[in-house]
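In what follows, a single structure is set out as C-alpha cells and then discussed.
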Amino acid sequence: MTPRARLFANLGRGALALGFLAMLAAWISAMTTTGAWLGFTTAHWFADATVMALLGIGGLVDALAHARAGE
C-alpha cells in the first residue's frame with residue numbers, strides 16, 4: 001500500500017469511527033427527556049453522523065483509487 005493510500009485509509013477509518021460515536025450520541029440524546037445531550041440536539045448528532053460517515057466512505061474510496069494507481 002502506498003503512503004497516500006495508507007493516509008486516506010486511516011482518515012476514512014477515523015471518520016467512520018467518529019460517525020459511529022456521533023450515532024451513539026444521537027441515540028443517547030433521543031433517550032433523554034430534553035432531547036439534547038452535551039448541548040446538542042438529536043437532529044444535530046444525526047447530521048454529524050451522516051457527514052462523518054460520508055467523509056469516511058469518501059476517504060476509503062480515495063484510498064482504493066490511490067492504491068490501484070500506485071501513487
**Request:** Can you tell me how much longer the chain between Thr41 and Arg13 gets when fully stretched, taken as 0.36 nm per residue apart minus their C-alpha distance, in nm with one decimal?
**Result:** 7.6 nm
**Request:** In a Gaussian network model over the chain where Cα atoms closer than 10 Å are linked, find which of Leu38, Leu21, Leu60 has the largest mean-square fluctuation.
**Result:** Leu38
**Complete:** In degrees rounded to 10, the 0-90 angle between helix 3-31 Cα long axis and the longest Cα principal axis of the chain is 10 degrees
**Request:** Starting from the Cα gyration tensor of the chain, multiply each eigenvalue by 5, take the square root, and state the resulting semi-axes largest first in whole Å.
**Result:** 33, 8, 6
**Message:** Suppose each label sits 7 Å from its Cα in the direction of the beta carbon; what would the Ala67-Met1 distance come out to in nanometres?
**Reply:** 0.6 nm
**Request:** Compute the acute angle (0 to 90°) between the alpha-carbon long axis of helix 42-69 and the principal axis of greatest extent of the alpha-carbon atoms of the chain; round to the nearest 10°.
**Result:** 10 degrees
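Coordinate-derived values only; no laboratory data. As the structure is a prediction and not an experimental result, all values here were calculated from the model. Every residue, glycine among them, receives a Cβ derived from its backbone with ideal geometry; neighbour counts consider all protein chains shown.
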